[in-house]
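Taking it in order: structure first as structure tokens, then the write-up.
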Amino acid sequence: MKSLLGKRPLIAPSMLKCDFANLHTDIARLEAANAPLLHMDVMDGHFVPNLSYGALVIEKIRKCTDLPFDAHLMISDPEKYYQDYVNAGCDAITIHIEAVPEPGELLEKIRASGCSPGLVLNPDTPVEAIKPWISACDLVLVMSVNPGFGGQKFMPVALDKLSAIKELLRDDQFLSIDGGVALDTIGECAQHGANLFVCGSSIFDKDDYSEAVSGLLAEINIKTR
Ligand SMILES: O=C(CO)[C@H](O)[C@H](O)COP(=O)(O)O
Ligand SMILES: [Fe+2]
């Protein structure tokens with residue numbers, strides 16, 4: 001992930017909305033669209049009311065591309081399973097503060113395993129909940145929907161959180177936003193400090209991924225210049 005610092009702002013396609021029946025083709029289309037990394041949404045049907053895919057699938061996808069993988073673990077026991085995601089070839093592993101209220105040790109273990117550690121907070125969780133561990137993270141991810149499903153409406157409560165967290169971050173850390181990030185919301189997210197934008201529907205619902213990614217980047221540029 002460190003190699004991406006100089007390339008911010010970054011658009012990370014959310015591999016929840018991808019075409020699983022044509023994964024190879026879909027990844028090639030994302031590479032052609034200059035997507036700099038892929039966001040892997042892991043859901044266990046327990047921490048969130050939905051199931052997606054796990055380390056076995058990610059390990060297979062790893063063979064299709066050299067793009068970095070940012071794994072968003074929406075699972076109840078990341079301590080038990082994080083090593084599977086390291087072994088599957090993830091570059092960043094992000095855990096929910098609601099799943100691990102005292103995440104210091106796990107963040108250290110993720111870093112020691114060679115991955116970038118990240119913390120994520122839900123719309124109802126205050127910034128105070130993650131404050132003591134922000135300096136131990138390479139990435140902080142703000143949820144702008146309740147996790148579990150793609151295609152939900154952006155919740156503006158995330159914007160004030162972005163501003164508050166930005167104040168606490170060093171320049172070598174990523175500030176990410178996830179959920180309902182689209183042409184009409186991405187500019188404001190950038191204005192509030194986000195520099196890594198997870199985009200599902202706003203890419204995969206479009207026929208032309210290149211046009212989608214460049215349109216989102218253009219919107220950031222317009223709103224932040
Ligand atoms: O973590 C997630 C859901 O829990 C996804 O990353 C997110 O919802 C992406 O989809 P969309 O851009 O359509 O909201
Ligand atoms: Fe996600």
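SER214: touching a helix residue (DSSP H, G or I) at 6+ places or on another chain (Cβ under 7 Å) and modelled with pLDDT of 95 or more, yes or no?
Criteria not met by SER214.
Only one of SER202, SER116, SER210 is among the polar types (S, T, N, Q), under 21 Å from ALA33 (Cβ atoms) and either touching a strand residue (DSSP E or B) at 6+ places or on another chain (Cβ under 7 Å) or near ligand 1 (Cβ under 10 Å from one of its atoms) (or both); which? Quick ask: steps written out before the conclusion?
Details: SER116 fails: under 21 Å from ALA33 (Cβ atoms); SER210 fails: either touching a strand residue (DSSP E or B) at 6+ places or on another chain (Cβ under 7 Å) or near ligand 1 (Cβ under 10 Å from one of its atoms) (or both).
Just one listed residue meets the conditions, SER202.
Look through segment 80-111, keep the residues that are surrounded by 15 or more Cβ atoms within 10 Å (Cβ to Cβ) and of a type in the set (Asp, Glu), and return whichever of them is farthest from ligand 1 (Cβ to nearest atom).
Per the criteria, the residue is ASP84.
Is it the case that segment 147-170 has a residue that's aromatic (Phe, Trp, Tyr), assigned to a helix (DSSP H, G or I), farther than 22 Å from GLY6 by Cβ and touching a helix residue (DSSP H, G or I) at 6+ places or on another chain (Cβ under 9 Å)?
no
For VAL181, state whether it is within 13 Å of SER144 (Cα to Cα), β-branched (Val, Ile, Thr), within 13 Å of ligand 2 (Cβ to nearest atom) and touching a residue at least 60 places away in the same chain (Cβ under 8 Å).
no
Can you run down the residue pairs with Cβ atoms below 6 Å, 6 or more apart or on separate chains, where the first is in segment 88-113 and assigned to a helix (DSSP H, G or I) and the partner is at pLDDT 95 or above and small (Gly, Ala, Ser)?
Hits for this filter: LEU107/ALA136.
For segment 167-193, how many residues meet the condition of being surrounded by fewer than 16 Cβ atoms within 10 Å (Cβ to Cβ) and farther than 21 Å from ALA212 by Cα?
The total comes to 5.
Among the residues of segment 135-143, is there at least one that is at pLDDT 95 or above, within 10 Å of ligand 1 (Cβ to nearest atom), under 16 Å from the mean Cα position of the chain (by Cα) and β-branched (Val, Ile, Thr)? Steps first, answer last, please.
Step one: of segment 135-143, the residues at pLDDT 95 or above are 135-143.
Next cut, within 10 Å of ligand 1 (Cβ to nearest atom) only: 141, 143.
From what's left, under 16 Å from the mean Cα position of the chain (by Cα): 141, 143.
Narrowing further to those that are β-branched (Val, Ile, Thr): none.
No: segment 135-143 contains no residue that is at pLDDT 95 or above, within 10 Å of ligand 1 (Cβ to nearest atom), under 16 Å from the mean Cα position of the chain (by Cα) and β-branched (Val, Ile, Thr).
Of the residues that sit in segment 182-225 and are part of a helix (DSSP H, G or I) and polar (S, T, N, Q), which one is nearest to ASP138 (Cα to Cα)?
Keep residues of segment 182-225 that are part of a helix (DSSP H, G or I), which gives 186-191, 201-204, 209-224.
After this cut, where a residue has to be polar (S, T, N, Q) as well, the list is 191, 201-202, 210, 214, 221, 224.
On the way: GLN191: 20, SER201: 26, SER202: 25, SER210: 28, SER214: 25, ASN221: 24, THR224: 23 Å.
Among those that are part of a helix (DSSP H, G or I) and polar (S, T, N, Q), it is GLN191.
Being surrounded by 20 or more Cβ atoms within 10 Å (Cβ to Cβ) and outside any loop (DSSP other than H, G, I, E, B) is the filter here; which residues of segment 114-132 pass it?
Within segment 114-132, SER116, PRO117, GLY118, LEU119, VAL120, LEU121 meet the criteria.
The values are calculated or read from the model by the stated rules, or taken from the named source; none is laboratory data. The shown structure was predicted, so the numbers you read here are calculated from the model rather than taken from an experiment. So basically every Cβ, Gly included, is an ideal-geometry build from the backbone, and we count neighbours across all protein chains shown.
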